[in-house]
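Below you'll find the structure, written out as structure tokens, and then a few comments.
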Amino acid sequence: MVDSAALLKTKLQAVESADSAQAMLDAVAALADLKDEGAIDMLIRVLGYNNPGAAVAAVEGLIQIGTPAATALLGQIDGYNYGARAWALRVLSGIGDPRGLELILETAAEDFSLSVRRAAARGLGAIQWEKLEKAQRRDAQAQASTTLLKVAAEDVEWVVRYAAIAGLQGVAIAAETEGHGDLVGPITKGLRDRVETDEVPAVRARAQWAIAQLSNIQLPNIQRPNTQLSNKTHGA
């Protein structure tokens with residue numbers, strides 16, 4: 001039987017002793033693969049290193065660990081330098097912990113890095129709304145949809161607008177599931193506006209696809225007449 005504590009210790013020591021960028025990347029990836037809460041502090045430290053490859057591996061590991069990693073990050077994030085803070089926001093967006101909602105909303109709308117805005121916009125569509133008090137969910141989803149509609153319409157980078165559309169789809173599905181169907185109409189209207197006015201074909205196509213998916217969830221009791229044909233059509 002493998003001693004998990006001894007294995008964790010070995011992997012932590014490998015990160016500490018890494019003497020090159022590649023060795024650091026390999027050691028962090030191996031540590032992240034453990035998905036062990038005991039790796040959280042080291043993985044967070046790596047976010048501040050000048051090693052983007054290792055930081056990506058640390059982000060993926062922290063996302064896999066989930067809520068405990070979000071808890072640790074939220075207790076430290078205000079003191080980070082910008083680089084580490086940007087990586088940390090990627091983690092929070094990937095985990096979808098609603099305790100990071102305000103920070104993710106602000107980041108999606110205002111961060112100067114397009115990759116960070118993109119991660120935040122996409123992350124808003126994957127917030128774990130069930131972890132919020134039921135009475136808070138509608139207002140939180142409304143906040144998310146308002147921010148994402150603005151980002152989808154106004155961000156200068158098409159990849160961020162694309163991510164915002166994906167986020168809007170996620171928020172709309174969650175809102176419909178929670179019984180907040182009144183939020184879906186404005187989201188669908190905003191998506192139609194993107195189909196009609198966005199200058200980038202990929203963004204228009206993503207918005208059209210989101211509209212099709214939302215149409216499906218809003219008509220759950222209507223049986224499709226030809227399942228085989230429907231699957232073939234939507235599988236492209």
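Quick note: the coordinates plus some simple rules give every number you see, no bench work behind them. This structure is a prediction, so every number in the text was calculated from the model and none was measured. Glycine also receives a Cβ, built like all others from the backbone with ideal geometry; neighbour counts cover every protein chain displayed.
One table, with the values for the structure above:
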read-out: Taking the range 1-95 and dividing mean pair separation by its residue count, relative contact order in percent (alpha carbons under 8 Å, at least six apart); value: 25 percent
read-out: Per DSSP, loop trypsin sites (Lys or Arg not before Pro) in the range 1-76 with at most 14 further Cβ within 10 Å; value: K35
read-out: Percent of Cα-Cα distances greater than 22 Å, calculated over the range 1-141; value: 39 percent
read-out: Calculated log₁₀ intensity ratio I(q)/I(0) where the Debye formula runs over C-alpha points of the range 96-219, q = 0.13, 0.16, 0.18 Å⁻¹; value: -0.44, -0.66, -0.84
read-out: Among 191-197, 52-58, the order from most to least packed when residues are scored by Cβ within 10 Å on average; value: 52-58, 191-197
read-out: Largest-first principal axis extents of the Cα set of the chain (Å); value: 59, 42, 38
read-out: Relative contact order, percent, the chain [alpha-carbon distance under 8 Å, six or more residues apart]; value: 11 percent
read-out: Given charges at Cβ of Lys, Arg, Asp, Glu: the chain dipole, positive-most of A88, I211, Q136; value: I211
read-out: In the range 100-152, the GluC sites (Glu not before Pro) that fall in loop regions by DSSP, at most 11 other Cβ within 10 Å; value: E133
read-out: Base-10 log of normalised Debye intensity for the range 17-61 (one unit scatterer per alpha-carbon) at q = 0.20, 0.22, 0.26 Å⁻¹; value: -0.50, -0.61, -0.85
read-out: Simple Cβ-charge dipole of the chain, Lys/Arg +1 and Asp/Glu -1, about Cα centre, in debye nearest 20; value: 700 debye
read-out: Signed unit charges on C-beta, dipole axis of the chain, positive-most listed residue A109, V195, A70; value: V195
